[in-house]
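FYI, it's all coordinate maths here, none of it is from the lab. These numbers come from a predicted model, not from an experiment. Positions of Cβ are backbone-derived with ideal geometry, glycine not excepted, and every protein chain shown enters the neighbour counts.
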Amino acid sequence: MISLEEMTARQQPLESNFGYRSTASEVIAGFDLAGKTAVVTGGYSGLGFETVKALAEAGVAVIVPARRPEKATEALEGLANVRVEKMDLGDLDSVAAFTAGMREAGTRVDIMINAAGVMATPELRTPQGWEMQFGTNLLGHFALVAGLEALLQDGARIVSYSSIGHWRSPVNFDDINFDTTDYEPWVAYGQSKTADALFAVALDARLAGRGIHAFSVHPGGIMTDLQRNMPREELLARQWIDEEGNPNPLFKTPAEGASTGLWAATAPELAERGGAYCEDCSIKGVVADDETDMMIGGAKAWAIDPEAAEKLWAVAVKATGLDPFSS
């Protein structure tokens, strides 16, 4: 296991030729991606759609697992090199069925963009009994990557969508499911986004020997379907929209929001930064646990702590019955 000091070193600030307003297509322009295959969750709306569009236009064969395949197919109509398959990320049985089909087909995987997720939901449980945000955002993606273990190609990249929302909470290992504490949607969301970042740390530690690297990303503030559980009054109070429903002009477009995930999936300068948390096509360093100004960006130490990452991995193994990359 790598140390927190080593992960902190990997998280030191790193700039690129791209930034806050860079788009998905700009980030991957010039890369020869023809012949590669990508799996993109959440790939038929918002950031996921822009990710799929940019990859498909670059010659990548893209597989989009979707809970509503008919809607996904309609949304992706006209994009070449894109295939939709049925999968409900919040249901581990559904994830298992999808990954079994992928293994049976022998489909190689060069890029994984785990962009799907839920945010600030009411208190709900997955079919397996887990708090919905943790169960979907972390456990569903854990089972997906685990099920595709044999298909990952050497040199692959795996990108987990975290969020600046990870500042809201570390993983509460004593009560992940809110069984003994009052449920708070934003705390649950923060916990799940910390878990996504820690997942990347643990994945990279297991796969770096094959040249496979994992990263987590904060895409930035963007108005997408992710806000569907938020009432208009809350969106107004947070100044995410104005009285006419227009997004805050500081927000990114979906194409801009998709850029950091694709940067993490392709940037050669990240090869020595495995497990890092990225934002605005850069790395912004580690911030103090008590820092509250989210505008400065950066990762909380609890989201890149290898010890917490290993503890989370053990939780996910027990929850899913899968123990990938253990040999």
Legend entry - the chain: relative contact order as a whole-number percent, Cα under 8 Å and 6+ apart: 24 percent
Inset, instruction - Work out which helices of the chain, taken as complete DSSP H runs, extend at least 15 Å along their axis over the Cα atoms and score a mean Kyte-Doolittle of 1.6 or more, then list them. - result: none
Inset, instruction - Pairs of Cα atoms under 8 Å, at least six residues apart: use those to get the relative contact order of the stretch 1-158, whole percent. - result: 21 percent
Inset, instruction - Rank Gly274, Pro306, Val317 by how far each Cα sits towards the positive end of the charge dipole of the stretch 264-323 (+1 on Lys, Arg Cβ; -1 on Asp, Glu Cβ) and give me just the farthest. - result: Val317
Inset, instruction - Could you pull out the pairs from Lys193/Lys284; Lys252/Lys284; Lys53/Lys300; Lys252/Lys311; Lys193/Lys252 whose alpha carbons sit more than 24 Å apart here? - result: Lys53/Lys300; Lys252/Lys311
Inset, instruction - Just report the Cα centroid separation between the stretch 68-143 and the stretch 155-182, whole Å. - result: 18 Å
Inset, instruction - Arrange Ser16, Ser326 by Cβ neighbour counts within 10 Å, fewest through most, would you? - result: Ser326, Ser16
Inset, instruction - About the Cα centre of the chain, how large is the charge dipole given +1 on each Lys and Arg Cβ and -1 on each Asp and Glu Cβ? Please answer in debye to the nearest 20. - result: 860 debye
Legend entry - 19 Å Cα-Cα reach of Lys36 towards aspartates and glutamates, excluding residues that sit fewer than 8 places from it in its own chain: Glu26, Glu50, Glu57, Glu85, Glu104, Asp110, Glu149, Asp154
